[in-house]
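Heads up: the structure comes next, in structure tokens.
Every read-out reported here was derived from the displayed coordinates using simple, explicitly stated rules and does not represent laboratory data. Note that this is a predicted model, so its numbers are computed, not measured. Note that each Cβ is placed from the backbone with ideal geometry, even for glycine, and that neighbours are counted across all protein chains shown.
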There are 2 protein chains.
Amino acid sequence: MKPAPTFRPLYAQVRAMLTRALETGEWGPGEPIPSEPALASRYGVSQGTVRKAIQALASDNLVVRRQGKGTFVATHTEEKASNFRFLRIVRDDGKPEYPRSRLIDLRRVRASADVARMLALRSGDALYVLRRVLDYGGIPAVLDEITLPAALFRGLTLDRCASYTGSMYGFFETQFGVRMLRADERLRAVAADARSAPLLRVAIGTPLLAVDRVTYTFGDRSVELRRGLCVTRHEHYWNALT
Amino acid sequence: MKPAPTFRPLYAQVRAMLTRALETGEWGPGEPIPSEPALASRYGVSQGTVRKAIQALASDNLVVRRQGKGTFVATHTEEKASNFRFLRIVRDDGKPEYPRSRLIDLRRVRASADVARMLALRSGDALYVLRRVLDYGGIPAVLDEITLPAALFRGLTLDRCASYTGSMYGFFETQFGVRMLRADERLRAVAADARSAPLLRVAIGTPLLAVDRVTYTFGDRSVELRRGLCVTRHEHYWNALT
DNA sequence: CAGTGGTCTAGACCACATC
DNA sequence: ATGTGGTCTAGACCACTGG
């Protein structure tokens with residue numbers, strides 16, 4: 001019998017409290033959190049312990065540390081190149097081009113049993129399904145179908161999407177307060193069908209890279225399903241195994 | 001003008017010295033490295049500084065830390081489940097099955113300009129090209145074509161491959177002293193051709209997931225090119241965006 | 001029990017950014 | 001000059017492993 005695996009380091013507890021403060025929005029995206037000495041006094045621990053907690057948050061990309069300036073809450077609205085964290089489709093020639101997004105349509109539908117399970121909803125709950133195409137160098141490369149719980153994205157319209165300049169996740173963060181923290185992806189090869197082929201300007205049957213993403217926010221709650229269909233002729237999906 | 005960006009933390013220097021010791025094989029794969037106090041005295045720094053250096057190596061997967069036991073040089077020969085670090089193809093049903101490998105053939109060829117560049121060789125240098133198929137549940141799923149510099153893998157034969165039980169990288173590590181540390185992958189969707197279709201038992205034209213890997217050892221030297229063609233019917237490529 | 005890595009503290013000093 | 005995070009040290013104690 002194992003005795004009792006109840007040991008929990010101090011820094012882990014501080015980390016949990018900081019995460020909670022981040023989740024409740026005590027400091028908003030882009031804003032600085034208090035300095036290490038301030039947090040040490042607030043939680044009654046040493047600066048070194050606070051430091052370790054913050055570094056764990058930084059390695060989870062919840063905050064960004066900047067020497068001489070402070071520690072800032074992560075945001076999708078100013079990540080520039082670092083936005084390639086969630087955009088793994090890059091050009092074969094390596095040019096770091098940011099694609100242009102063209103919105104196709106937005107529908108309101110009911111959740112199937114499968115989708116409901118993956119989003120921790122009930123069958124029949126309302127969903128938004130947004131479709132868009134990403135163009136690289138003016139050529140369509142990715143058809144995204146983005147599924148969102150309507151409850152979290154009340155008032156979402158095509159116009160609101162279109163009028164926002166910046167990344168999708170920046171839009172979700174600023175307009176709906178939904179913060180995407182991490183994602184899982186499953187990749188397969190599929191054939192272009194009658195629905196996707198015209199939008200990507202390829203022949204039916206063309207091999208496409210299908211990227212199925214589940215995106216999570218605080219507390220490992222899934223808040224987005226996304227299927228990307230990618231024409232991997234001039235672009236590819238990039239991944240580093242470390 | 002910037003003055004001189006020459007600052008280098010002590011722990012980074014210790015880390016570099018430890019990396020060098022690992023590379024030269026002062027401690028072999030699977031063996032323990034000296035304890036923190038021992039290393040601190042060896043390098044004339046505090047234990048805290050050594051700890052930070054070692055933790056950096058651990059996060060690069062060069063060593064593995066085990067509380068109460070010691071710090072051990074990473075090896076591909078006993079990684080059990082952690083071997084899924086370099087094997088991202090998993091079953092759709094999530095069962096953690098380890099596939100069976102069937103060797104197809106081994107050829108000795110000359111490097112083209114492209115391959116030579118990617119492996120930092122000269123055009124015409126000798127290469128080995130090994131092909132194999134991975135079966136999941138008895139069904140062929142992946143056709144791998146593995147390209148290696150002959151200079152590093154002298155005496156490689158099909159028989160030697162076949163007689164080794166364990167992972168490919170474990171084989172390379174123990175038999176040739178070549179240690180794979182990290183890899184980059186590029187994924188595309190392609191159509192099965194006359195060469196691959198029969199081996200994977202699919203029709204010509206079937207969409208396949210093509211995984212092009214470049215694998216690196218110490219000093220960011222590339223030592224393997226690998227192309228995997230995957231039938232993503234019952235399996236998929238898994239990736240976490242963190 | 002001794003030895004390992006893991007946690008926590010306190011304090012000094014360094015590098016960087018800003019005013 | 002001040003305040004931030006980053007480095008480095010020294011020492012104490014804790015959790016885990018194995019003899």
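Per-structure values
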quantity	calculated
Low-density loop positions, trypsin sites (Lys or Arg not before Pro), region A:82-123 - DSSP coil, at most 15 other Cβ in 10 Å	A:Arg122
Alpha carbon centroid spacing (whole Å) that separates region B:166-193 from region B:224-239	12
Dipole magnitude of chain A, debye to nearest 20 (Cβ charges: Lys/Arg +1, Asp/Glu -1, about Cα centre)	360
Using a 7 Å Cα-to-Cβ projection, B:Arg154 label spacings across copies, nm, ascending	7.4
Rh (Kirkwood; distinct C-alpha pairs) - the protein assembly as shown, Å	25.5
Pairwise FRET efficiency - A:Arg195 versus A:Thr77, Cβ, R0 = 51 Å, nearest 0.05	0.95
Inter-copy separations for A:Arg122, label at 7 Å along Cα-Cβ, nm, ascending	7.4
Charge dipole (chain A, unit charges on Cβ, about Cα centre) - positive-most of A:Ala203, A:Thr71, A:Ile54	A:Ile54
Cα-based shape type of region A:10-73, given that a ≥ b ≥ c are square roots of the gyration tensor eigenvalues and the cut on a/c is 1.5	rounded
Taking all pairs of distinct alpha-carbon atoms in chain B, Kirkwood radius in angstrom	20.1
Computed label-point distance, nm, for sites A:Asp212 and B:Ser101 using a 7 Å Cα→Cβ extension	2.9
Calculated label separations, B:Gly44, copies of the chain, 7 Å along the beta-carbon direction, nm	4.5
Whole-angstrom gap from region A:18-35 to region A:51-126, using each part's C-alpha centre	18
Selection of trypsin sites (Lys or Arg not before Pro), region B:155-242, meeting DSSP coil and at most 16 other Cβ within 10 Å	B:Arg195, B:Arg201, B:Arg233
